[in-house]
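Single-structure report; data block below.
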Amino acid sequence: MSGDRRLTGAAALALAAALAVSGCGAIPRSGPVHRHAEPTRTEAQPTYDVAPAGPQAGATPEQIVRGFLAAGTGVTDDYSVAREYLTPELAGDWHPDARTVVHRGDLSPVPRLEDNEYRLNLEVESVVDATGVIERKPAGATEVLDFDLVEVDGQWRISDAPDATVLTPSDFENIFEPHQLYFADEDLSNVVVDPRWFPDRVPVSTSIVRALLGGPAPYLRGAVTSAFPAGTTLASSSVPVREGTATVELSVPDFDPANIEINRRMHDQLSLSLRSLPAVNDVELLVEGAPVELGAGWTDTTPVRDVTVPSRQVGLHDGELVFYQGGQTEGVDGIPPLTGYHPSGPAMDAAAEHFAFVDTGTGSLVTVDRDEDPVERYSGTGLTRPSFDEHGWVWTGDSAGTVRAVRTGPSAREPVRVEASWLSARTVTSLQISRGGTRALIVTQDDGVSQIWITGVVRESDGTPRRLNEPYRVAADVDVDTALWLSDREFVAAPLGGTESVRPRVYDVSGRFRELPGLVGVTGLSGGNGTSSVYAVAGGVLHMLTGNAWAPQSEDVLDTAFAG
């Protein structure tokens, strides 16, 4: 489960109320480390700057195309060098930020049948759209870009080109940085991060605010809300940052300056999204040129904390449910003996009152509450470890790509099939719902290749799960069987069941990862609050991650899981 972040104190109440009033809920195995160092600059200046070469006199059409493509690394001054390769007409109309295509292999434009026309065939690794949403592509994905050229004053220039820039993976890593936008979940209790990728240039603050006003990424629509009324736009051309303060001037439809609740929500959402920039300490919000009233006693702190899970895990010992914590094992009071069942993949809710497991004998999801008998809820082939959400539903997926959820406890209900058409041709090997209930973290496998996805959970007004949105692929073509939330922005993933050394990876939601120490023969994984709460089963022993090593913990309890 994800650790969605909650606003604390007055800030929590303020953001939730403003979002409610705004009515925007309908926004419909080993390898290299891929991780950015945190910037240490104190001013809003880019950390990566290149000066690509402009067109040379007498350059051939192919040289012009190649030079134009290389100039895509020059993001400063609105790609001014790249525009030099274009005709004056196209230079004014070309939109380089519309798409950023990250490619594998070399760039080799080839002539087409018509004179002075060139085609570029790309193997695509990922694509970033104008709002900063990244789409990672599986191996073998390709794209075609076409270019037309004409002579201008005796020099070849490009007269037709796609609205896009093309970058190598290394250039992309150097030029772009992920930034977290913040939205609220539908019940207005948590805030949810929405990662976006923007060029590291002045002013990235403008890109962040424009994307925030545009609403959540497609995979989160219907699962989160925004404090900004539909139609809210930037009233100025940029969001300047001076002496640590970002000034945001908005045009807000039907704005009521006396509505303090809305004012605070908008300010808090902006502040959370902008203060991740090292150069931003404060946010000044203006509407139509006038400072927004935030009320007496309000302070610009907007603290957040991760939603955490208890440190106690549930596991199995001799076929019975047990608790494990701090090296000690104890039975679960009120749970009858599981005679006749073959439990695996146990799970529990945060209150440790409701439990579930997969019966390997029947392929059924079984739920059991304290002082109640176990109940078989439904069957499937290859059911994933159950996952509880904060609304009282327990979820599983199966090898047919079917996702079901069933309500537990006093309000137990019949299972519901959660719409997820995009899973119909995929085998689900892992599914876990975020701690705030807004997102599902899913691993699928096709022909031995795994993909890691995050998707928004859309619910009925009473919390009943309705569908999983078209997803956001966090990682493509990886060797992974399970993925588990560690916080709002991180999860741990690993392959299971092999005999070789495995190095689990800790991903952030933007797709960057770092590798953990290796462990031979991993058959199980559990994750609590951050990397200090990562456990793995290997060789019939439960291990805990301690710094750069795995420490054996128990031979008695296996198949453990934190709440969720």
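The values are calculated or read from the model by the stated rules, or taken from the named source; none is laboratory data. These numbers come from a predicted model, not from an experiment. Cβ sites come from the backbone with ideal geometry, for glycine too, and all protein chains shown count toward neighbours.
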I need every pair where a residue in the range 462-473 that is outside the structural domain of Val394 (by TED's automatic domain parsing) has its Cβ under 6 Å from the Cβ of a residue that is in a strand (DSSP E or B) and hydroxyl-bearing (Ser, Thr, Tyr), sequence separation at least 6 or different chains. none
Sole exception among (1) within 14 Å of the chain's Cα centre (by Cα); (2) surrounded by fewer than 17 Cβ atoms within 10 Å (Cβ to Cβ) for Glu460, by number: (1)
Could you look through the range 373-412, keep only residues that are of a type in the set (D, E, K, R) and surrounded by fewer than 15 Cβ atoms within 10 Å (Cβ to Cβ), and pick out the one that is farthest from Asp333 (Cα to Cα)? Glu376
Would the range 94-104 turn up any residue that is touching an Asp or Glu at 6+ places or on another chain (Cβ under 6 Å), assigned to a loop (DSSP other than H, G, I, E, B) and either in the same structural domain as Glu151 (by TED's automatic domain parsing) or not small (Gly, Ala, Ser) (or both)? yes
What number goes with the only condition from (1) modelled with pLDDT of 95 or more; (2) of a type outside the set (A, V, I, L, M); (3) within 30 Å of Asp398 (Cα to Cα) that Asp333 does not pass? (3)
Given the criteria in contact with a Gly (Cβ under 6 Å, 6 or more places away or on another chain) and part of a strand (DSSP E or B), does Val394 qualify? no
Could you tell me whether Ala347 is at pLDDT 95 or above, under 35 Å from the mean Cα position of the chain (by Cα) and surrounded by fewer than 19 Cβ atoms within 10 Å (Cβ to Cβ)? no
Yes/no for Phe228 being among the aromatic types (Phe, Trp, Tyr) and part of a loop (DSSP other than H, G, I, E, B): yes
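Hey, could you check the range 60-115 for residues that are among the polar types (S, T, N, Q) and modelled with pLDDT under 95 and say which is surrounded by the most Cβ atoms within 10 Å (Cβ to Cβ)?
For the range 60-115, the residue satisfying everything is Thr76.
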Would you kindly identify the strands (runs of 3 or more DSSP E) lying entirely within the range 129-203 that contain at least 2 residues that are over 22 Å from the mean Cα position of the chain (by Cα)? 142-152, 155-160, 165-167
